[in-house]
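The structure appears below as structure tokens.
The values are calculated or read from the model by the stated rules, or taken from the named source; none is laboratory data. None of the values given here were measured: they were computed from a predicted structure. Counting neighbours? That spans all protein chains shown, and the Cβs are built from the backbone with ideal geometry, glycine included. Ligands, DNA and RNA are excluded from the accessible area calculation, which covers all protein heavy atoms including side chains. Shrake-Rupley method; radii C 1.70, N 1.55, O 1.52, S 1.80 Å.
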Amino acid sequence: MPITAPDYSRYFADGTSFACGRDMTGTLSAVRVGELALSTGRVVACDPFVYLGSGDVEPFTVAVEPGRYAVDAAVATLVRPGAEPESRPHSASRPSGW
């Protein structure tokens with residue numbers, strides 16, 4: 001049975017802070033990165049690294065109205081206490097407006 005899409009909205013709220021490991025903190029910002037065209041309205045996706053090689057992962061599936069959807073990226077800036085933010089941000093993306 002396919003899994004239900006989790007609510008990731010907190011990761012796309014500018015200024016959200018989180019702990020990363022024992023000595024780092026992160027701050028999130030949302031960035032519009034493009035547009036996704038869904039001619040059929042059917043989305044099937046899976047993160048290949050979460051269960052790499054296990055073979056028992058069901059993909060995320062959802063049906064939406066066919067059309068074009070904006071895609072946002074959640075960009076994390078990581079900082080160690082007393083250090084400058086890392087120059088290479090980390091990100092994840094999602095279509096917005098479903």
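Odds and ends about this structure:
- Residue list for segment 1-33, filter: at pLDDT below 85, open to solvent by 90 Å² or more (accessible area, probe 1.4 Å) and within 14 Å of the chain's Cα centre (by Cα): Asp7, Tyr8, Arg10
- Within segment 61-72, the set of residues being β-branched (Val, Ile, Thr) and part of a strand (DSSP E or B) comprises Thr61, Val62, Val71.
- Within segment 61-85, residues that are in contact (Cβ under 8 Å) with a residue 60 or more places away in the chain reach partners that are assigned to a strand (DSSP E or B) and among the small types (Gly, Ala, Ser) with beta carbons closer than 7 Å, at six or more positions or on different chains, in the pairs Asp72/Ala30; Asp72/Ser93; Ala74/Ala30; Ala74/Ser91; Ala74/Ala92.
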